[in-house]
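S.K.: First the structure, which I've put down as structure tokens, then a few questions once you've had a look.
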Amino acid sequence: MGLAIKKHGLADTVAGYVRRPASVAECERIRAVDRATTDLVPAVDGADFVVLCTPLAQMKGLTERMLPHLKRGAIVTDVGSVKEGLVGELEPMLSAVGVPFVGSHPMAGAETMGVSHARADLFQDAVCAVTPSRTTPPGAFRKVEEFWRLVAPKPVRLTPALHDELVSRSSHLPHVVAAELANYVLSPSIAGNKRCSAQTDFAIPPASRRGRRRCGAISLWPTGGTWPECLASSSRTFRSFATRSTRWTKRRLRSFSKKASNAATPGVAKPAPRSRSAVDGTGRWRLFCPGPFGSSRQARLGQDRLEQAW
């Protein structure tokens, strides 16, 4: 964040609050900020604009410590991935001392953490949700939106509740599913619940090929980090996914089992394929299985979206 602000010339001075003394030297070495400190008070004293870039569980405590030292008229925002609960907690606290809070969430990041991995272009081409409430001062919202327009050029205005619903599907749910899938693969029930020592060798690729979802910073997810807030805000999405995916999986498994049985039984005609060929007349690759998209029209729409993503 500091590198991005300095790159775009958005502040005369950028101060950074860090947890460890070693991080002060790192910040100075890569010039991530103009002034780094382990003391919160001088970092926020007199600041016009404050960005909370910590795990969600730490934001309320930091805000309480900042309150006496924030100047009236300053603006506070954040980069947290859960908005409704956070806005409900921080907005009343800050508005009581004349400081508006405008929630925001840039959809950017990496599996690495720490100042040594900072990049000035992290937010380039990123979508950023800005989540004002009904009581957000219009002027404060415009300033936060303009800030993100210069740092991450695609700000999107959403209500805190809608943001949480959308992000629970696109981010929190895939994180949970990926983590549970990895846990399942690495804890197989083989030979009477005895672990197979070779499983790890076949399941974990080299670090250079690991996906971000499975290798994210551990400190963001345990009890003291971001995990509880993400689970609480995403519970409805998780329940819906569990119900729909279970039904779809059962249908597909029954279908695949029947086809496999027919293919293995002499004299039984194999069912004619229902899907189009792998490459259609336009030369585009097509999916064989409609999947959980519902109707054939929805299936085509789903295929198009997946092809765009690929």
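Derivation of every value follows stated rules applied to the coordinates shown; laboratory data play no part. All values derive from a computational prediction rather than experimental measurement.
S.K.: In this model, which of Lys6/Lys83; Lys7/Lys83; Lys7/Lys143; Lys6/Lys60; Lys7/Lys154; Lys71/Lys154 are farther than 24 Å apart at the alpha-carbon?
M.R.: Checking Cα-Cα distances, Lys6/Lys83; Lys7/Lys83; Lys6/Lys60; Lys71/Lys154 exceed 24 Å.
S.K.: Here's another thing I want to ask about it. Between rounded, prolate and oblate, where does segment 2-158 land on the alpha carbon gyration tensor, with a ≥ b ≥ c its root eigenvalues, rounded for a/c under 1.5, else prolate if a/b exceeds b/c?
M.R.: oblate
S.K.: Please work out the C-alpha center-to-center distance from segment 153-179 to segment 9-28 and express it in whole Å.
M.R.: 29
S.K.: Once you have all Cα-Cα distances for segment 46-88, histogram them in 5 Å bins from zero and send the whole-percent values.
M.R.: 5, 21, 33, 25, 13, 2
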